[in-house]
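Student: Submitted below is the structure of interest, expressed as structure tokens.
The values are calculated or read from the model by the stated rules, or taken from the named source; none is laboratory data. Here the structure is a predicted model, which means the values were calculated and not measured. For neighbour counting, all protein chains shown are included, and Cβ atoms are generated from backbone atoms with ideal geometry for every residue, glycine included.
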Amino acid sequence: MIREMREKLSREIDQLSHELNVTLPQAIAQAVELGDLRENSEYKAALERQQFVQARLGQLHQRLSQLGQLANTEAPADRVGLGSRVTVLDLESGDTDTYMVVLAEMMDIDAGHISLMSPLGRALADGRVGDEVALRLPHGARRLRITELVTVHQSESASDRAGAR
């Protein structure tokens, strides 16, 4: 999973680097050719986009660096943490849901991906199978029980075994 996050961040970095180094300089040069820069909306828009892309690249490089420091040995082997797939039972409704705990950049609630920093992610963090957690949400409280847990270590060792066959 960490490899997937690195690949996703690297793809976005590559795309934005190309835009910053190729596309935006061309757009700025074309805007300069149009004349008076004080009233040139194309020039201003290109400069604003350039600043945005530079800021986003800084964020992505920082996140990639943090991801590099996040060795799998730091992820818990027996508790909910980054990369875990966790199944919970809602104690009031009886519904079960499965979530993958990911970095904020990869969060996609429709796909069942939740950020470790989201309210649900924080409530589940460091939980073990059988633990019950309480979660306060704007529309009310939820009580959940962790029924299944596959940590990043377990899923990576399973994929290593499958790849060795």
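Student: In segment 89-110, how many are surrounded by 11 or more Cβ atoms within 10 Å (Cβ to Cβ) and assigned to a helix (DSSP H, G or I)?
Tutor: Of the residues in that region, 4 qualify.
Student: Working only within segment 119-130, note down all residues that are surrounded by fewer than 16 Cβ atoms within 10 Å (Cβ to Cβ) and free of Cβ contacts under 8 Å to residues at least 24 places away in the same chain.
Tutor: Pro119, Arg122, Val129, Gly130
Student: Additional query: Being exposed (fewer than 14 other Cβ atoms within 10 Å of the Cβ) and free of Cβ contacts under 8 Å to residues at least 24 places away in the same chain is the filter here; which residues of segment 131-145 pass it?
Tutor: Scanning segment 131-145 gives Ala134, Arg136, Leu137, Pro138, His139, Gly140, Ala141.
Student: Enumerate the pairs (first residue in segment 12-41 and in the same structural domain as Gln59 (by TED's automatic domain parsing) and within 11 Å of Val53 (Cβ to Cβ); second residue anywhere and in a helix (DSSP H, G or I) and of a type in the set (Phe, Trp, Tyr)) with beta-carbon separation below 8 Å, excluding pairs fewer than 6 apart on the same chain, so at least 6 apart or on different chains.
Tutor: Final answer for the pair search is none.
Student: Out of curiosity, is Gln50 surrounded by 11 or more Cβ atoms within 10 Å (Cβ to Cβ) and outside the structural domain of Gly130 (by TED's automatic domain parsing)?
Tutor: In short, yes.
Student: Is there a residue in segment 69-79 that is at pLDDT 85 or above, surrounded by fewer than 16 Cβ atoms within 10 Å (Cβ to Cβ), under 20 Å from Thr147 (Cβ atoms) and touching a Ser or Thr at 6+ places or on another chain (Cβ under 9 Å)?
Tutor: Checked segment 69-79: no residue is at pLDDT 85 or above, surrounded by fewer than 16 Cβ atoms within 10 Å (Cβ to Cβ), under 20 Å from Thr147 (Cβ atoms) and touching a Ser or Thr at 6+ places or on another chain (Cβ under 9 Å).
Student: Pick from Glu42, Glu7: which is of a type outside the set (Phe, Trp, Tyr) and either modelled with pLDDT of 95 or more or more than 24 Å from His113 (Cβ to Cβ) (or both)?
Tutor: On inspection, the qualifying residue turns out to be Glu42.
Student: Among (1) aliphatic (A, V, I, L, M); (2) touching a strand residue (DSSP E or B) at 6+ places or on another chain (Cβ under 6 Å); (3) in a helix (DSSP H, G or I), which single condition is Val86 missing?
Tutor: Of (1) aliphatic (A, V, I, L, M); (2) touching a strand residue (DSSP E or B) at 6+ places or on another chain (Cβ under 6 Å); (3) in a helix (DSSP H, G or I), only one is false for Val86: (3).
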